[in-house]
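Trainee: One structure, as C-alpha cells, below. Some questions next.
Bear in mind that the values in this text are calculations on the coordinates, not laboratory data. What you see is a predicted model; the values in this text were computed from it and never measured. Note that each Cβ is placed from the backbone with ideal geometry, even for glycine, and that neighbours are counted across all protein chains shown.
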Amino acid sequence: MYNFLPNNPFSQTLISKVLCMACVSCISFSSWAFSFDDVVAKAEKSSKKAYVQPSKNIPNELASLQFADYQKILFNHQKAYWGDRKSRFKLEFYHEGMYFDVPIKINEIADNQVKPIQYDPSYFDLSQINLDKLDTKALGFAGFKVHYPINTPTKTDDEIFSALGGSYFRAVGKDQRYGLSARGLAIDTGEMSGEEFPRFKEYWIERPEPNQKHLVIYALLDSPSVTGAYKITLVPSVDTTITVQAKIFFRNSVKKLGIAPLTSMFLFGPNQPSPLLNYRPAMHDSNGLSILANNNEWIWRPLNNPKRLSFSSYSLENPKAFGLIQRDKGFDDYQDLDDHYEKRPSVWVEVLNEWQKGRVELVEIPTADETNDNIVTFWVPEKQYKAGDELDIKYRLHYSLNEKQRYPNNVARAVSTRLSLGDIKQANLIRKLDGSNAYVIDFAGSGLSENEPVNVISSITNGSIVSCDTQYNPVIKGWRVIVRFNVEDSKKATDIRIQLASQATHEVISETWSGQYPAQ
C-alpha cells in the first residue's frame, strides 16, 4: 500500500512525471520504498497533535495473569513468520496479557510495499493456562521476537532479539542468555514527578533476503512528551550489535531526558554481600558501569543495591562510550545452575554522533528480589529540550561476553571489588578494628608486574581515607589495593576514587575505580 501524500517521495515522482511527460529523462524512475524518512514524517506529524492514550482491549482473564502463567502462553513454532521462506531470520510474536495489554502494529516491508502482519489466534496456544476456549479474535500482538541460527548454523530456533512492553528490547550473541534490557528513550527516570514511559506503537520490518545476515526494523515512538522515529539494525554474531538511529520530536518540555537507556538487575555481590545467608556468592545481570570519556579516561563504578533511591552522575563532553558490564564471567562467581548469570552479556553503548555536553547518570533502586530491574543508566544532555525541539541520535549497542577486548593493553581493570567491615590481614599484620571499613580491589592488566611497583591515587567524599596499601597478587598477576576509610555521615553515600600509577613514571596505568559506599 502506498500513501499518496505531498511529502511522499513516490507521489512526488509521479507528479514530476505527469508534468514532464515530454521529457525522456522522466520515463524511467525508481519505485518508492519505505524508509526511515517515512517514519520521521509520521513522527513529526504526530508531534504536532495532542497525545492520545492507547486503549486496552484484553479480557480480565488475560489482564489478571501472573508472570509465570503469562510465560505459559506458547507460540506455535510451525507458524513462524518467514518460516516458509529460505530466510535465516524468522519472526514470532507475543500474545497480549498481564500488563502487556495494548496492541501494537507490526508491518512487513517487501517488494516495495508495506503489508500489515495480521494477528491470528492460531499463532498461539493458551491451553496451559486453560484459556484455549477464550475468544481472542479482537486482540493484537503485544510484541515480537527474532530467531536466527546463531549457535547452530543449521537451526533457526535460536531467539536473539525480543521487543516487548514500552520501548524495551533485548538481544543476545552466541552462547549468551538474556540479561539486561535496552530502551528507546527514558523520560524523568527517578524524578519525584514520576517516570514517563514512551512506547513503540508501530513497527515496520524489512523482509530479509535468503542469505542476509542483518535485519532492519523501523519503529514509531510515542508518549505524552515526545514522538520519535527509529531505525534499528540488528546484526547477529558472536557479539551481536544493534545500531540505533533516531530522530526525536518534542511535544512538551522534558525535565530529564535519558538517551540510550540500559536497565539491569543487581541484588548482591562481593562488594555488597547478601544480608541473608545464600549459597550463591552473587546475583546480578550486571555488576558495574563502565565509561570511556573523550580524554580516554576509563571509569569503573561497581553497582550497589542501596537502602534508598540513589543517583550518581559523571559530567562529560562528547563521551565515546558507556555500558553496563557483567565483569564476573565464571560459574563459580554465581553457582546458579538455573539462571547462569555468567552467560548474561555486557552491553556497551558506542556513541556514533556528537552528544555535546551532558552526563552519564546511574540510578540505583532498592530491591529485595532478583525479578526487579533496579539499575538504570543513560546519557542526559545538558541542553533542556522544549516543545517544538528536535534531536538526532545515533549509537551502537554491543552485546558481549568478553568486555576485556575493548580495553587497551596499557589500561589495568579492577577485576574484583570486595567489601570488608572487619579486620584486614595484610603482610602478616592484622590491623586493629578502629571503626573503619575497607574495599579490597584487585587490578589486572598486561602492563602490571611485580617488578614495577605502583602508587595509589585516592580521594573521598563524606569521609576520610585511613590508609591505602598495595600488595602484588601473583594469582592474577596484578596488584591488590586495600583502601580503609571512615564515613563522616552514615545517612549519606560515600564516594571513593582509586587509580594506579607507575612509581617510575607517575603515569596513570589503570581505569578509575569509582566506588560508592551506600548510605546506611
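Trainee: What's the exposure ranking of Thr152, Thr377, going from fewest to most Cβ atoms within 10 Å?
Mentor: The most exposed by this proxy come first: Thr152, Thr377.
Trainee: How much length is gained on full extension from Asp69 to Ala50, taking 0.36 nm per residue of separation minus their Cα-Cα distance?
Mentor: Length gained, Asp69 through Ala50: 3.2 nm.
Trainee: So, one more: Could you please report the charge total around Ala63, scoring K, R as +1 and D, E as -1 over all other residues with beta-carbon less than 11 angstrom from its beta-carbon?
Mentor: -2
Trainee: Another question, if that's okay. Quick one: Tyr218, Tyr70, fewest Cβ neighbours within 10 Å first, how do they rank?
Mentor: Fewest-to-most ranking of Tyr218, Tyr70: Tyr70, Tyr218.
Trainee: Quick one: which residues, 5 or more positions from Asn473 or on another chain, have an amide H under 5 Å from its amide H? H modelled 1.01 Å from N in the peptide plane, none for Pro or chain starts.
Mentor: HN-HN under 5 Å from Asn473: Gly478, Trp479, Arg480.
Trainee: Specify whether the C-alpha gyration tensor of the stretch 435-484 places it in the rounded, prolate or oblate class, a ≥ b ≥ c being the square roots of the eigenvalues: rounded for a/c under 1.5, otherwise prolate if a/b is larger than b/c and oblate if not.
Mentor: Prolate, since a/c reaches 1.5 and a/b exceeds b/c.
Trainee: Report ³J(HN,Hα) in whole Hz for each residue of the stretch 499-514, in order, from the Karplus equation J = 6.51 cos²θ - 1.76 cosθ + 1.60 where θ = phi - 60°; Gly and Pro get x.
Mentor: 9, 9, 10, 5, 5, 6, 10, 6, 7, 5, 10, 9, 5, 8, 7, 10
Trainee: Per 0.36 nm of contour for each residue apart, how much would the distance between Asn295 and Asp389 grow if the chain were fully extended, relative to their Cα-Cα spacing?
Mentor: So the chain would gain 30.9 nm between Asn295 and Asp389.
Trainee: May I ask you to evaluate 6.51 cos²θ - 1.76 cosθ + 1.60, the Karplus curve with θ = phi - 60°, for each residue of the stretch 114-123 and list the ³J(HN,Hα) values in order in whole Hz, giving x for glycine and proline?
Mentor: 9, 10, x, 8, 7, 5, 9, x, 6, 5
Trainee: Is the C-alpha gyration tensor of the chain telling us rounded, prolate or oblate? Criteria: a/c under 1.5 is rounded; beyond that, a/b larger than b/c is prolate, otherwise oblate.
Mentor: Prolate, because a/c is 1.5 or more and a/b exceeds b/c.
Trainee: What does the C-alpha gyration tensor say about the overall shape of the stretch 32-100? Classify as rounded when a/c is under 1.5, otherwise prolate if a/b is larger than b/c, or oblate.
Mentor: Judged from the Cα gyration tensor, the stretch 32-100 comes out oblate (a/c at least 1.5, b/c at or above a/b).
Trainee: Note down the net charge around Val102, summing +1 for each Lys or Arg and -1 for each Asp or Glu among other residues with Cβ under 10 Å from its Cβ.
Mentor: Counting the neighbours of Val102, the net charge comes to +1.
Trainee: Counting other C-beta atoms within 10 Å, which of His214, His340 has the fewest, and how do the rest follow?
Mentor: His340, His214
Trainee: Output the peptides 397-406, 40-49 sorted from most to least packed, where packing is the average of other Cβ atoms within 10 Å over each peptide's residues.
Mentor: The densest-packed peptide leads the list: 397-406, 40-49.
Trainee: Turning to a different aspect of this structure: Label-point separation (nm) for Lys105 and Ser490, each offset 7 Å from Cα along Cα-to-Cβ?
Mentor: 5.8 nm
Trainee: Can you work out the FRET efficiency for the pair Arg177 and Asn112, with r the C-beta to C-beta distance and R0 = 41 Å, to the nearest 0.05?
Mentor: Working from the Cβ atoms, E equals 0.60.
Trainee: What does the charge count around Lys343 come to, taking other residues whose C-beta lies under 11 Å from its C-beta (Lys +1, Arg +1, Asp -1, Glu -1)?
Mentor: -1
Trainee: Only helical DSSP H runs with n ≥ 4 go in: add -39500 (n - 2.57) per run for the chain, normalise by residue count and round the 222 nm mean residue ellipticity to 500 deg cm²/dmol.
Mentor: -1500 deg cm²/dmol
Trainee: Stretch Asp120-Leu276 to full length: gain in nm at 0.36 nm per residue minus the Cα-Cα span?
Mentor: Net length gain for the segment: 51.4 nm.
Trainee: Got a sec to turn the phi values of the stretch 352-361 into Karplus ³J(HN,Hα) couplings, 6.51 cos²θ - 1.76 cosθ + 1.60 with θ = phi - 60°, whole Hz, x for Gly and Pro?
Mentor: Ordered by residue, 3J(HN,Hα) equals 10, 9, 6, 9, 6, 8, x, 8, 8, 10 Hz.
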